[in-house]
1. Which whole-angstrom value gives the distance between the alpha carbon centres of region 94-116 and region 14-80?
2. Regarding region 6-83, what is the average projected area of its C-alpha convex hull, in nm²?
Amino acid sequence: MGRPFLEYVKDVSMKYTCRCCSCDIASSDGFVWQGVMGAARQPALLLRDTVNLESSGDARSERLTSGRYTLVDVTCRNCATVLGWRYQEAQNREEKYKEGCALLQYSLLCTVDAEGESDVDCPCEAGSPAPQRSVAVHC
Ligand SMILES: [Zn+2]
């Protein structure tokens with residue numbers, strides 16, 4: 001198979017990267033909102049214009065609190081970590097803006113600024129949403 005082809009987010013002040021392998025996932029310009037996902041209510045980010053995400057498995061129809069959606073799990077193209085899901089289709093008209101966007105688990109992403117500084121602010125680590133400055137964690 002060799003090395004997977006990776007895309008890069010360029011010329012942005014801030015971007016989101018895969019916490020596991022540090023490959024680019026989205027520009028901070030692609031940030032739509034922060035919420036929670038799944039039954040575990042994990043903190044999550046809704047992002048558009050993502051890169052390096054692969055659909056994993058079959059699309060499924062699921063009823064979430066805001067309506068019924070067609071979802072497909074997405075993994076990091078580089079390290080195959082399941083980062084979240086992509087909204088393929090939203091049934092509610094008000095939720096159509098989510099189509100094509102990815103909802104990714106916050107704790108699996110790093111925020112990196114233009115100087116390459118990583119901000120690992122994982123809410124599940126400290127038990128508080130306060131950002132903490134530290135180096136990227138590699139698994
Ligand atoms: Zn990765």
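Values in this text are rule-based calculations from the coordinates and carry no lab data. The model shown is predicted, which means the values in this text are computed figures rather than measured ones.
1. 6
2. If you wrap the Cα atoms of region 6-83 in a convex hull and average its projections, you get 5.5 nm².
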